[in-house]
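Q: Mind looking over this structure? Questions follow.
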There are 2 protein chains.
Amino acid sequence: MKKRITIHDIAKMAGVSSATVSRVLGNSTYPVSAKLRDKIVKLAEEMHYIPNMIGKQLKTNNNMTIGVIIPTISNPFYASVMLGIEEVARKKGYHVLLGNSLQDGKIEEAYLTTLFEKQVKGFIISSISDNKKLLMNLIDLGLQVIAIDQKIDLPEVQQIEFDYRRGGFIATSHLLEQGHRRIAYVSAPLNRPSRQSIYEGFLDAMQQAGAQDDEVLVQIANEEKEIYDGIYEFENGKALTANLMDLDQPPTAIFACNDLTAFGVMNELVARGLKVPDDVSVVGFDNIEYARMFTPALTTVKQPNYEMGKLACTMLLDKLNDEAGDSMDVLLQPKLIVRDSVGKL
Amino acid sequence: MKKRITIHDIAKMAGVSSATVSRVLGNSTYPVSAKLRDKIVKLAEEMHYIPNMIGKQLKTNNNMTIGVIIPTISNPFYASVMLGIEEVARKKGYHVLLGNSLQDGKIEEAYLTTLFEKQVKGFIISSISDNKKLLMNLIDLGLQVIAIDQKIDLPEVQQIEFDYRRGGFIATSHLLEQGHRRIAYVSAPLNRPSRQSIYEGFLDAMQQAGAQDDEVLVQIANEEKEIYDGIYEFENGKALTANLMDLDQPPTAIFACNDLTAFGVMNELVARGLKVPDDVSVVGFDNIEYARMFTPALTTVKQPNYEMGKLACTMLLDKLNDEAGDSMDVLLQPKLIVRDSVGKL
DNA sequence: GTGAAAGCGCTAACAG
DNA sequence: CTGTTAGCGCTTTCAC
């Protein structure tokens, strides 16, 4: 293991001062004679000089890295967001640190503090904790934060959200337009604002259509298990659908709070010998890749997650570089993706 | 935005030297009187002291972060690996930087160099580049590397691989055991060793069963498109299956090189009015979460990807801390997951 | 048990 | 144009 070469080594060899070397190798705009410049560049190459960014960071107090904290990367929704974030970060010379909070506020806070100690000045968070104190302290110390998907109620935090309520509305409207009246909403617990909003969108549409109370079927799980993968959602969809279909008057259409849950819904229906969409129609939410691969292909509501990642990162880097225009919040609009899981009644 | 507090500030307030403060706050084992210790700890808390790890890093030349470079986090296989990596890293106080190489050797190399400049000393890579020169240089300078999934042919690099060949073998054997003879293998281009190995495993099993040449059907795509998501694999599965079923004597079973491709296979079969597994049996490879959610649930070969992530990270951290026993390579064994997509002939 | 001082690798006033 | 110098925040000998 060789000794690492520093600008001082180069300076000594070139017979110049380390300041000159720094100016050349650090692409400073500072004037240096062509002769010296060449000499230094050549020497650096020969010696395989590799700059030590830690030294630079300590001096300039600017490390080009941002932090991303999400519930779990194993959820394809966040994987997509992450891909978008990383892409714009890379193109602007930033690196991305990933933290999975696993729905645990303690882990989220630990990441916030330890990364801030490493001088990470920008974060993109899908927050799970409602403890604003730590975040406020850090923002006071110069931290920049973009909240995605889950709102963080602080004026300094910029929000990028989906219009979940509208998403719930258009999905339900689609079902109504196809003639369905007895429509069920199937969901994980409403402990996240997003789920609450989709539910409200569902109710909006049903109410607007003048639905009777007995036509509005709702199945919401009581408790949520760990979310290391999509299995909980799937099982939840199955279980709640079982409840629904055991009813005297089962629904003719089911709207699920996300695609994973919709997969569970369809699975249970098929297990009972029912056909989708002939016997029961199903609509999902998220438009993960697999929605189009399923048979029947799932009609669902698309959230622009990859785009959300790109947008979030762009906004964050702008803020970090003081290029932030008016710091506006963004509400991304959903889009209905019609496939084969909904039939006319 | 407040000024940041340093150990010198604390030292001044406490009327001690910064060395003493460092000893207390850095949990050094160095003896400090209980009186001073208390005073300093209390003061640090009151002043909301936050250590600057960059200073520490410059001195100790040890930043607790590792780098992960994979083709794309939007592939659920890698998302799972990443989750495993991050979990053990977090528990040992490390942070994880994520880089998506997008199958581009240039991007991979750029990550390698820029992260190394940031003094990242440990990497977990699913490599796409075959340019060993850069990697060798960095290893010479103290870099530690674990290769996952894709082998890197350097003695200093520890390998964690899957036994793809055996996976291909057991999947095919399963089909043979169910009485199938005309079995097709459907794959993306064999430009990655993993795909080549699965294919070899397929041939092993067919040969061992004494299959006639005309019973061994092979469909391999010519070229691969971008892999930002799973769509290519899906479409590829559809297209190659179409070729297969247009044959005079189509196969009774199809083995796909991964689950995404298998989804495409099933989709095409259903589109042609064929039933799985009644008319044609299908086996996948990977056991991604969605395999069990599909109808029919996909019989497939499980790769322990989450476990691979945990193992890779454990091995890397051991190496970084010189706790590496004999640096052994690992060949993780596959397991057949029997579900509902294969029928007896 | 405590402090003084050097220095990790780099940048940036300032002086020449 | 180039060099000298100070210092970013921290740890760690070494001396007391």
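What follows is calculated from the coordinates using simple rules that are stated; it is not laboratory data. Model, not experiment: these values are computed from the prediction. For neighbour counting, all protein chains shown are included, and Cβ atoms are generated from backbone atoms with ideal geometry for every residue, glycine included.
Q: Mind checking the angle between helix B:105-117 and chain B's longest principal axis? C-alpha axes, 0 to 90 degrees, to the nearest 10.
A: 20
Q: Ok, one more. Using only alpha-carbon positions, what ratio does the radius of gyration of region B:60-201 give when scaled by 2.2 N^0.38 Å?
A: 1.22
Q: Step through the residues of region A:33-47 one at a time and calculate ³J(HN,Hα) from phi using the Karplus curve (6.51 cos²θ - 1.76 cosθ + 1.60, θ = phi - 60°), rounding each to whole Hz and writing x for Gly and Pro.
A: Once θ is set to phi - 60°, the couplings for region A:33-47 become 4, 4, 4, 5, 3, 4, 4, 5, 4, 4, 4, 4, 5, 4, 7 Hz.
Q: Next up: Can you give me the relative contact order of chain B as a percent, contacts being Cα pairs under 8 Å and 6 or more apart? Kindly include the intermediate steps, with their values, before the conclusion.
A: Values: 613 pairs, mean separation 59.1, N = 345.
So the answer I get is 17 percent.
Q: Also, quick follow-up: Around A:GLN249, what is the net charge, scoring Lys/Arg as +1 and Asp/Glu as -1 over all other residues with Cβ under 12 Å from its Cβ?
A: On the way: positive: A:ARG181, A:ARG182; negative: A:ASP214, A:GLU215, A:ASP246, A:ASP248.
Around A:GLN249, the charge tally is -2.
Q: Continuing with the same structure: For A:LYS151, what is the net charge nearby, where nearby means another residue's Cβ is under 11 Å from its Cβ and Lys, Arg count +1, Asp, Glu -1? If you can, show how the numbers build up before the last one.
A: Details: positive: A:ARG192; negative: A:ASP130, A:ASP149, A:ASP153, A:GLU161, A:ASP329.
Its environment carries a net charge of -4.
Q: Compute the label-point distances linking A:GLY179 to its equivalents in the other copies; points lie 7 Å from Cα along Cα→Cβ; give nm, one decimal, shortest first.
A: Label point to label point, same position, other copies: 4.3 nm.
Q: Counting alpha carbon pairs within less than 8 Å and at least 6 residues apart, what relative contact order, in whole percent, applies to region A:212-345? All intermediate terms of the calculation are to be shown ahead of the outcome.
A: Numbers: 178 pairs, mean separation 28.5, N = 134.
With pairs under 8 Å counted, the relative contact order is 21 percent.
Q: Give, as a single signed number, the net charge of other residues whose beta carbon lies under 10 Å from the beta carbon of B:ALA14, with Lys and Arg counted +1 and Asp and Glu -1. Don't skip to the answer; put the middle values down first.
A: Values: positive: B:LYS12, B:LYS39, B:LYS42; negative: B:ASP9.
Net local charge, B:ALA14 excluded: +2.
Q: Using only the alpha-carbon atoms, what does chain B span along each of its principal axes? Please give whole angstrom values in decreasing order.
A: 91, 39, 35
Q: Let me ask another. Which angle between 0 and 90 degrees, to the nearest 10, do you get for helix B:164-177 versus the longest principal axis of chain B when only C-alpha atoms count?
A: Orientation of helix B:164-177: about 30 degrees from the principal axis.
Q: So, one more: Counting DSSP beta bridges in chain A, what percent are antiparallel, to the nearest 5? Could the numbers behind the result be given before it?
A: Numbers: 3 of 37 bridges.
Counting only bridges with both partners in chain A, antiparallel ones make up about 10 percent.
Q: Per-residue mean of other chain beta-carbon atoms within 10 angstrom of the beta-carbon, peptide A:86-95? Mind dumping the intermediate values first?
A: Values: counts 7, 3, 0, 2, 7, 0, 0, 2, 1, 10.
Going residue by residue through A:86-95 and averaging, the value is 3.
Q: A further question on this structure: Provide the per-residue ³J(HN,Hα) series for region A:86-99, in order, calculated from phi with Karplus coefficients 6.51, -1.76, 1.60 and θ = phi - 60°, each as a whole number of Hz, with x at glycine and proline positions.
A: 4, 5, 6, 4, 4, 5, 9, x, 9, 10, 10, 9, 9, x
Q: Now, a different point. Please determine, in degrees from 0 to 90 and to the nearest 10, the orientation of helix B:193-208 with respect to the longest principal axis defined by the Cα atoms of chain B, where the helix direction is its Cα long axis.
A: So the inclination is approximately 40 degrees.
Q: Assign unit charges at the C-beta atoms only (+1 for Lys and Arg, -1 for Asp and Glu), then state the dipole size of chain A relative to its Cα centre in Debye, rounded to the nearest 20.
A: Numbers: 37 positive and 44 negative charges, 469 e Å.
For chain A, the charge dipole is close to 2260 debye.
Q: Separate question: Identify all lysines with a Cα-Cα distance to B:LYS35 below 25 Å; exclude those on the same chain that are fewer than 8 residues away in sequence.
A: B:LYS12
Q: What are the ³J(HN,Hα) values, in whole Hz, obtained from phi via the Karplus relation 6.51 cos²θ - 1.76 cosθ + 1.60 with θ = phi - 60°, for each residue of region A:305-317 in sequence order, with x given for Gly and Pro?
A: Karplus-based 3J(HN,Hα) across region A:305-317 equals 6, 4, 4, 4, x, 4, 4, 4, 5, 4, 4, 5, 5 Hz.
Q: Longest span of chain B, sites excluded, free of trypsin sites (Lys or Arg not before Pro) in DSSP loop with at most 16 other C-beta atoms within 10 Å?
A: B:5-91
Q: Dipole of region A:1-130, Cα-centred, from +1 at each Lys and Arg C-beta and -1 at each Asp and Glu C-beta, to the nearest 20 debye?
A: On the way: 17 positive and 11 negative charges, 195 e Å.
Dipole size: approximately 940 debye.
Q: Among A:ALA242, A:VAL342, A:ALA256, flag the residue with its Cα farthest along the positive direction of the charge dipole of region A:212-345, charges on Cβ as +1 for Lys/Arg and -1 for Asp/Glu.
A: Value: A:VAL342.
Q: Here is a follow-up. Normalised by the number of residues in region A:260-299, what is the relative contact order in percent for Cα pairs under 8 Å and 6+ residues apart? It would help to have the intermediate numbers written out before the result.
A: Details: 26 pairs, mean separation 13.6, N = 40.
After rounding, I find 34 percent.
Q: Would you mind checking which residues have amide H under 5 Å from A:GLY67's amide H? H placed 1.01 Å from N; only 5 or more apart, or other chain.
A: Close amide H contacts, sequence-distant or interchain: A:LEU97, A:GLY122, A:PHE123, A:ILE124.
Q: Kindly count the pairs of lysines across region A:189-345 whose alpha carbons are less than 17 Å apart, treating pairs on different chains or eight or more residues apart as eligible.
A: Values: A:LYS225/A:LYS238; A:LYS238/A:LYS275; A:LYS275/A:LYS344; A:LYS302/A:LYS310; A:LYS302/A:LYS335; A:LYS310/A:LYS319.
Taking the Cα cut-off of 17 Å, the pair count is 6.
Q: Name the residues whose placed amide hydrogens come within less than 5 Å of the amide hydrogen of B:ILE5, ignoring near sequence neighbours (fewer than 5 apart) on the same chain.
A: B:ILE50
Q: Plugging the Kirkwood radius over Cα pairs into Stokes-Einstein for the protein assembly as shown, at a temperature of 37 °C and a viscosity of 0.692 mPa s, what D comes out in µm²/s?
A: On the way: Rh = 27.8 Å.
Using the Kirkwood radius from Cα pairs, D works out to 118 µm²/s.
Q: A:ASP38 label points, 7 Å along Cα→Cβ, one per copy: pairwise distances from this copy to the rest in nm, shortest first?
A: 7.0
Q: Still on this structure, I have one more. So how much slack lies between B:LEU247 and B:ASP140, counting 0.36 nm per residue of separation and subtracting their Cα-Cα distance, in nm? Working shown, then result.
A: On the way: separation 107, 0.36 × 107 = 38.52 nm, distance 5.50 nm.
Going from the current span to full extension adds 33.0 nm.
Q: So, with +1 on the Cβ of K and R and -1 on the Cβ of D and E, and no other charges, what is the size of the charge dipole of region A:190-287 about its Cα centre, to the nearest 20 debye?
A: 140
Q: In terms of modelled amide H atoms, which long-range or inter-chain residues lie less than 5 Å from the amide H of A:ILE254?
A: A:ALA184, A:SER281, A:VAL282, A:VAL283
Q: Would you mind listing the distances between the A:ASN243 label point and the same position in each other copy? Use 7 Å along Cα-to-C-beta, nm, one decimal, shortest first.
A: Relative to the other copies, A:ASN243 has label-point distances of 4.9 nm.
Q: For region A:256-345, state which GluC sites (Glu not before Pro) are in a DSSP loop and have at most 11 other beta carbons lying within 10 Å of their beta carbon.
A: A:GLU323
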